[in-house]
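Report on the structure given below.
Every number here is computed from the coordinates shown, using simple stated rules; none is lab data. It should be emphasised that the depicted structure is a prediction, and the values quoted were computed from it without experimental measurement. Positions of Cβ are generated from backbone atoms using ideal geometry, with glycine treated the same way; all protein chains shown enter the neighbour counts.
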Amino acid sequence: MCIEAKKILSLRIDFNKSINMANIKKVAVLTSGGDAPGMNAAIRAVVRKALHEGLEVMGVMRGYEGLIADDFIPMESKSVGNIIQRGGTILKTARSERFRTREGQQIAYDNLKKHEVDALVVIGGDGTFRGAREFTENFPFPVVGLPGTIDNDLYGTDMTIGYDTALNTVVEAVDKIRDTAASHERMFFVEVMGRDAGFIALRSGIACGAEDVLIPETVTYLDEVHDKLVKYMTEKKTSSIILVAEGDDAGGAYDIRNAMAKYGEEFDMRVIVLGHIQRGGSPSAYDRYLASRLGVAAIDALLDDQRSVMCGMVHNEIVLVPFNKTIKHHKTIDQKMLDIVDVLNS
Ligand code: F6P
């Protein structure tokens with residue numbers, strides 16, 4: 001390569017370097033709460049960007065529990081080689097009761113200081129950010145969060161890491177269920193995850209052409225569900241798929257099926273709870289892209305002396321959202337999306 005080209009290339013690489021306003025020398029990264037496809041892509045981006053900026057990096061095993069148990073491992077570029085395509089998290093994850101206590105947080109803080117860690121990146125969901133918010137209120141320590149959960153229930157980002165892959169998993173499963181439902185002229189009640197949110201149910205319900213979608217954000221009137229399904233099955237359909245968010249106010253898929261059975265029609269009904277397959281699998285292209293951008297943004301934010309914020313992406317732009325906002329504000333469901341389900345079955 002000619003000297004001129006090398007000079008331009010070196011300028012480009014140097015140009016990408018951020019100014020280290022916070023004088024950070026070493027960062028740690030952990031994953032917490034339910035795992036999500038794309039967490040490894042996020043870990044990879046945090047590690048590679050931090051190393052690119054000349055920082056040292058440590059991984060913390062098993063989330064906040066690892067902070068307390070002093071389970072730190074040094075990370076280098078090859079530590080995150082060949083993981084972008086892998087589901088789960090190489091740092092493992094766990095929920096930590098001890099981190100909910102001031103004593104546990106003190107041990108975590110002391111361990112971070114012992115390892116001379118200057119800042120922390122936490123990748124997880126709602127519970128992870130609650131813990132991070134409390135920790136940063138009790139201890140003067142820079143923490144930035146990345147939204148890693150299939151639930152997509154965090155305010156301040158269009159999508160959370162893992163949501164897109166979970167949607168694809170649900171749609172692929174429901175397409176298979178639809179084959180047998182059509183063959184046997186059956187009604188299937190399919191339960192999906194989301195904890196107390198209905199984002200997975202609603203968007204995958206539209207994507208797989210579900211006849212109905214039941215979500216916690218709206219009251220489920222069983223009579224209305226029954227009348228709708230009877231109308232479909234007697235007038236125009238020989239099979240039906242109903243997506244039920246696990247947190248629905250009327251209960252899970254078995255509860256809904258049992259409630260429908262009480263009306264007395266002789267529908268041939270079955271139930272399937274998709275469960276933890278929604279948490280696995282190789283992350284989609286979008287989740288890898290989102291995780292990579294957010295991982296880079298987390299290091300940029302820390303170098304810019306930002307703390308107690310979640311890095312999100314809104315309309316393809318990086319945004320920084322204070323933990324207080326992303327936790328307290330429940331992301332709202334667009335009612336119009338529910339109307340689409342009915343319109344496209346009319
Ligand atoms: O928060 C992610 C999530 O998958 C929820 O959708 C689900 O309700 C929960 O985790 C299941 O938790 P666990 O993996 O501990 O059973």
note = Relative contact order in percent for the stretch 195-241 (Cα pairs under 8 Å, 6+ apart) equals 35 percent
request  = Within the stretch 57-109, list the GluC sites (Glu not before Pro) lying in a DSSP loop whose Cβ has at most 12 other Cβ atoms in a 10 Å radius.
outcome  = E76, E97
ask   = Counting Lys and Arg as +1 and Asp and Glu as -1, each charge on the Cβ, what is the dipole of the stretch 114-176 about the Cα centre in debye, to the nearest 20?
value = 180 debye
query = By how many degrees, between 0 and 90 and to the nearest 10, does the Cα long axis of helix 222-235 differ from the longest principal axis of the chain?
reply = 60 degrees
ask   = To the nearest whole percent, what portion of all C-alpha pairs in the stretch 163-280 is separated by more than 21 angstrom?
value = 29 percent
request  = Work out the length of the dipole vector of the stretch 163-280 about its Cα centre, built from +1 on the beta-carbon of each Lys and Arg and -1 on the beta-carbon of each Asp and Glu, and round it to the nearest 20 debye.
outcome  = 280 debye
The chain: most fluctuating residue of K331, K262, K92 per GNM, C-alpha cutoff 10 Å = K262
task = Between I19 and I277, with labels modelled 7 Å along Cα→Cβ, what's the label distance in nm to one decimal, could you check?
result = 5.3 nm
query = Given Cα pairs under 8 Å that are at least 6 residues apart, what percent is the relative contact order of the stretch 163-280?
reply = 38 percent
query = What value, in deg cm²/dmol to 500, does the helix sum -39500 (n - 2.57) over DSSP H runs of n ≥ 4 give at 222 nm once divided by the residues of the chain?
reply = -13500 deg cm²/dmol
message = Strictly greater than 34 Å: what percent of every Cα pair in the chain meets that?
response = 33 percent
key: Dipole of the stretch 163-280, positive direction: furthest Cα of G209, T165, T238, with charges on the beta-carbon   = T165
Rounded to 10°, Cα long-axis angle of helix 163-184 versus longest principal axis of the chain = 20 degrees
ask   = Using r as the Cβ-Cβ distance of A250 and H315, and R0 as 51 Å, what FRET efficiency do you calculate, to the nearest 0.05?
value = 0.90
inquiry  = Give me the percent relative contact order of the chain, please, defined on Cα pairs under 8 angstrom at least 6 residues apart.
reply    = 23 percent
message = Treating only the Cβ of Lys, Arg, Asp and Glu as charged (+1, +1, -1, -1), what charge dipole size does the chain show about its Cα centre? Round to the nearest 20 debye.
response = 1360 debye
query = With springs only between Cα atoms under 10 Å, which of V321, V219, V80 fluctuates most in a Gaussian network model of the chain?
reply = V219
